[in-house]
Amino acid sequence: MEPFIALVVGLVVARVIGWAGVDALDNWQNALKVGVALMFLLAAFAHFHPKLRPQIVEMVPPALPRPELLVNITGALEIAGAVGLLIPATSTWAAIGLILLMAAMYPANVSAARRKVAQGDPIGPRTVFQFVYMGAAALTLV
């Protein structure tokens, strides 16, 4: 739920700043980029925070090798994608990369739901939020 809150709050705050006169945020698409970037920065934070990291590592399907390394890589990719989304020259590629990253990480959500780890969230809500996040990233391309 926290990533969703970051997405919405980032979008709304960026849009308000745009209405207040910051030209770069005076449209929904750029404000959405801020929201998506904030969401991914929050998600990446969990990959590296000592208290949250064990839950993220636990989500990695057992069949995959070196779960801690995979968590490091996905966290770094989330940071790179978030930053890239905010740079006009790279925002299209960053959005595409983030969508592909979310698709690639979806099996970890399925595995975590089946194994009831990482808060044991059921697959239904995990799937809905995954599509919301992918849709938000896709809307930055429009």
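The values are calculated or read from the model by the stated rules, or taken from the named source; none is laboratory data. Please read all numbers here as calculations on a predicted model, not as lab measurements. Neighbour counts run over all protein chains shown; Cβ positions are idealised from the backbone, glycine included. Surface accessibility is based on the protein's heavy atoms, side chains included, excluding ligands, DNA and RNA. Shrake-Rupley method; radii C 1.70, N 1.55, O 1.52, S 1.80 Å.
Observations on the structure shown:
- Residue count, region 116-129 (criterion: of a type outside the set (Gly, Ala, Ser) and in contact (Cβ under 8 Å) with a residue 40 or more places away in the chain): 3
- Leading residue by the ranking (farthest from Val34 (Cα to Cα)) among those in region 9-23 that are open to solvent by less than 80 Å² (accessible area, probe 1.4 Å) and of a type outside the set (A, V, I, L, M): Gly21
- Answer residue from region 85-129, given it is over 15 Å from Ile56 (Cβ atoms) and polar (S, T, N, Q) and is least open to solvent (accessible area, probe 1.4 Å) among those: Ser91
- Applying the condition of being assigned to a helix (DSSP H, G or I), of a type in the set (A, V, I, L, M, F, W, C) and in contact (Cβ under 8 Å) with a residue 12 or more places away in the chain to region 130-142 and asking which residue is most open to solvent (accessible area, probe 1.4 Å) yields Leu139.
- Where Ile73 falls short, out of the listed (1) of a type in the set (Val, Ile, Thr); (2) surrounded by fewer than 17 Cβ atoms within 10 Å (Cβ to Cβ); (3) touching a residue at least 12 places away in the same chain (Cβ under 8 Å): (3)
- Of the residues making up region 24-34, those that are under 19 Å from the mean Cα position of the chain (by Cα) and either open to solvent by 40 Å² or more (accessible area, probe 1.4 Å) or not charged (D, E, K, R) (or both) are Trp28, Gln29, Asn30, Ala31, Leu32, Val34.
- Qualifying residue in region 33-49 (condition: among the basic types (Lys, Arg) and free of Cβ contacts under 8 Å to residues at least 40 places away in the same chain): no
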